[in-house]
Each structure stands twice: as C-alpha cells, then as structure tokens.
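Reviewing the structure listed below.
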Amino acid sequence: MEPTKHVPHLVQPLDRRAFLGISLGSAAGLAAATAFSPAIARARQPVGAMPEKPGRTAHNVIFMVADGMSFGTLSLAEIASRAQHATGTNWVALWGREGAKRSVMRTASADSLVTDSSAGSSAWGGGVHINNDAVNFAPDGRLPVPILVHAAQNGKATGLVTTTRVTHATPAGFVANCPTRNSEDEIARQILDRRVDVVLGGGSKYFPDSLLATRPDLRVLRTRAAFDAEMNGMGDPASGPLLGVFQPSHCLYECERNEIDPSLSDMALMALRRLSSGKNGFVLQIEGGRVDHAAHANDAGTMVGEQLAFDRALGTVLQWMQNRDDTLLIVTTDHGNANPGLTLYGPETYKGIERLCSVRHSFEWIFEQLGMKLQYDDVTGRNKLSEEDRVGSVVREATGIQLVPDEIAAFVGSLKGKRPQLFEPMSRSSSILGSCLANHYGVGFISPNHTADFVEVTAIGPGSERIAPFIDNIDLHEVMLGALDLRPARAI
Ligand SMILES: [Zn+2]
C-alpha cells in the first residue's frame, strides 16, 4: 500500500513508559496524575510479567473482537451450537489446538474499572490506558500512534471489518485519535486520510460524497450485489483500497439480516483475500460488534445469534490460516457485558436453549413494532410507597447503607410477594423484558451495562508465546508490536 499520508500533525509517537514518565514528572503531568490516578496505581502493580524472550515474528496479525462478550456469552454459544448442530464452537475447539495459547485479561480503563469500547480498543491499538469515551487520546492530550498507522509506516497493509458502523469505537481504536468516540465524522475522515486498505461494515452515513471526493482512488461498495460481484472476481483485484459500507448505521442483527448485508464471515474472507495479495503482510481487526448491543438490551436470543455469527467468521479465518505459519491470530473481547448465564435447573434448561436458538427478531424490532425506540434510560415500574423507617434502620444497622425510599418500598413489597427490580439499572424496559424472558430461556442478566470481569484471550501463531497467563489489555499492544517486529513509530 501507499505509505501513510495526510495524518494530522498532532499525532506523536509515544511508548508506555514515556507516557507514564511524563504523566508523573511534569506540572501538567501532576494534574493529569490526579485526574487518572487509577491508571497510575495499576501501572505500579503489573498484573502479570510478560515473557522477556524475544519470541517469533509474524508476517500478518489478525485481531478478532467479540465486543462485550462475557464468559457466559461464550458458554451459551457453545451450548447452543452443540444443541443446534451437535458440534461446538470454533473458539472452544481452538483451545485444543496444538500451540494455542490461552490467557485471562483485565480490562479497566484509565478512569474506570468498567471500561467502554473506545478505551478498550485503544488499549490494544495504542498501548496506553485512556479514559472512557476517548479514542487514543490520553487525559494530558498526548496521542499514542494507533497500530494500523504504525503498521502502515512499516509497509504493512491494514484492514477493519465490523458489524457496527466502521466509525464505531472498536475499529476506531486501531486507527484514530479523537477526544471523543462520538466524533464519527472525524473518525471517518481519519480512516480515509490514514489510508486503511480494506474497510467493511456499516456506517455509510458518515461517508458523504464530499468526503469520498477526497479519495478518488477508493473503490466504494454499498450493496450486497456489489459485494458479491467483488467477491466473485468481477471487480478488479488490483484496483486499490476498498470501502464497503452496507447500512447507514450498524449492520443488521444476524437474526434479521436475510442476506441483505454480507455476513461478518463473508466480509472477513474478502478482507483476507485483498490484504494477503500484497507481499509485506497485514494487520486486520475483525469485530463482531453487536454481541455487545444485544447484551446491553438483555436480549439473550439475539446475543447468542451474534456470538455464533462471530464464531463462523472465526471459522473462516482459521480455514484461511490452514497450512500457514506466518500469521498471529488473537481472539478476545474488550470487556464483559451484562454477564448472562443459564441459571435454572433440570430438563427445562434444554427447552430454554431450544427457544433461545429460535428467535426471529431482536428486542430492537419488538420496540420498533411497539412504536418505541429502544433506549436504556426509560425507567419504569418505580413504586411510590411511603417510607418504612423500621426496615430502613434495620438494613442500615446491618450494612451501614441508607436505602432510598423507593428501595425500601421495593424491599417491603418483595416481602409481600411483589417482584420489583431492586437494582436500578435493571428497571429499564429492555431489562424488564429480558427478565421476563429469562423465565422461559433460563438465561438471566445482572445488568444492562459492561462489567469489570476478566475476559478470555485465545491466540495461536508466531508471537502468541509472548502472552502471559494473566495480562492487562495494553499488553496485547506489545504482543502485536513484538510479533510484527515493527520499527518504532515515527511522528508523521
Ligand atoms: Zn457496549
């Protein structure tokens, strides 16, 4: 590919030690240290020493993300796959492969034990802990060089494939620098300016003609037919960089896709074919981005469908990797979400999974049919009972916590047989629906939010030996740099 050009002047190379040194040493750094002391505390207490040995080098790196995947989601996908097809998932099967490496990863960001996706992806992409909502943009204004930019400086081809908008947080973390993930116009501009070779997913609304006019060399695909034509070799394979955006916003959920969009697996295969046609190797991120959305909605059936679609993309990648020993594959998630789990007993559990595998529509669709937008802030069911001082004081005496009147009323109601939602976030209407369906699926959720749970990392291929049994998310940045043996990033 062409070397990276037109990258904003504000990008500066930054390594992890330099970043922390500056944060602690300067006057500005002192202010920043106050602002994000949790990150500094973590930096002083490394979780797991990464092996010092040099390790093998890789021609290519494929980084796969099932966004917002609690371990319970992976478990449910495995159970559902066995129930439906009598075979398990590609992910779990990978654990048994010779040379496969497994690790457990913590996911906290600079300002929160519970990360969001932009800070999570930036930790991998830029190697620095930043605050939630930012994209490779440290609290003191410094900007780590994202791995796709760094790889391109070394002549590698680069790619982003996702089921979300391609300007969304997880793809952005590998290529962009932005104070907020919400600046998707700016992220779209950076994706084009930084000359990512293959970009496939949703989000066409962020690529207006005026922006595309700045990149006349870019081949743009907008429909399934155009995608298929390209895949079938009707397009010119040497025609340069490729942008495929198939929905104005996110791609449709797998249960509603109906061949309207290309699948994640199809998009992954196209990216692999295009990127591997060069001789310098590539770095590719592939994201199953809507596992996260369905988990936020506590929509168990849709969530498992998204996870299984991600797993099919993993199968495609593993097939492409067959008989190759030049590619490092990392499969993981940026954080847990809602921590789902199958939690009823007995023969009904089988019935519940069967029901889970049969969903035809998402909660998003249900809310649309009801003339409502699925939002996470429409609190319902708040009973207004009078305060009961005796109950409040007993709880306070036992726990030191003063319950608010609504909580006391809900607790008293539960003693009388009512079924209130005691954990406030679970009062959202999507969570109420998820809780109702939990009686039929047997799958419950703890919240509609991300969680701080440690997460699964599976890797195979050259460089995977650098991964320790327990790691921090920023360690995977070093793993990729080490495997690719890149020259240090330079200012652009
Ligand atoms: Zn999320």
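Here, each number is a calculation from the coordinates, and none is a lab measurement. Note that the structure is a prediction, hence the values are computed from the model and not measured. All Cβ positions, even for glycine, are placed from backbone atoms using ideal geometry, and neighbour counts span all protein chains on display.
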First measure r as the distance between the Cβ atoms of GLU354 and THR214, then evaluate 1/(1 + (r/R0)^6) with R0 = 45 Å and state the FRET efficiency to the nearest 0.05.
0.30
When a footprinting reagent is the concern and you count Cβ atoms within 10 Å, what order do LEU328, LEU486, LEU415 take, fewest first?
LEU415, LEU486, LEU328
Under the 7 Å Cα-to-Cβ spin-label approximation, ASP326 and ASP185 lie apart by a distance in nanometres of 4.3 nm
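Would the stretch 124-239 count as rounded, prolate or oblate if I go by the C-alpha gyration tensor, calling it rounded below 1.5 in a/c and otherwise prolate when a/b exceeds b/c, oblate otherwise? Don't jump to the answer; show the numbers that get you there.
Values: a/c = 2.16, a/b = 1.74, b/c = 1.25.
Since a/c reaches 1.5 and a/b is larger than b/c, the shape of the stretch 124-239 is classed as prolate.
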Take the alpha carbon atoms of the stretch 303-361, find their center, do the same for the stretch 473-491, and report the distance between the two centers in whole angstrom.
29 Å
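For a protection proxy built on the mean count of beta-carbon atoms within 10 angstrom, sort 252-262, 129-139, 292-302 highest first, please. Please list the in-between numbers first.
Working: 252-262: 18.2, 129-139: 24.5, 292-302: 27.5.
The densest-packed peptide leads the list: 292-302, 129-139, 252-262.
Which trypsin sites (Lys or Arg not before Pro) in the stretch 55-146 pass both tests, a DSSP loop state and at most 11 other beta-carbon atoms within 10 Å?
Working: sites: ARG56, ARG82, ARG97, LYS101, ARG102, ARG106, ARG142; in loops: ARG56, ARG97, ARG142.
Counting only loop positions with at most 11 other Cβ atoms within 10 Å, the trypsin sites (Lys or Arg not before Pro) in the stretch 55-146 are ARG97.
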Output the peptides 333-342, 161-170 sorted from most to least packed, where packing is the average of other Cβ atoms within 10 Å over each peptide's residues.
161-170, 333-342
Alpha carbon centroid spacing (whole Å) that separates the stretch 63-134 from the stretch 421-439
25 Å
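Order the peptides 437-445, 211-219 from the highest to the lowest mean number of other Cβ atoms within 10 Å of their residues. Don't jump to the answer; show the numbers that get you there.
Numbers: 437-445: 20.8, 211-219: 12.6.
Descending packing order for the listed peptides: 437-445, 211-219.
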For GLU397 and GLU98, what does the FRET efficiency come to when R0 = 56 Å and r is the distance between their Cβ atoms, rounded to the nearest 0.05?
0.45
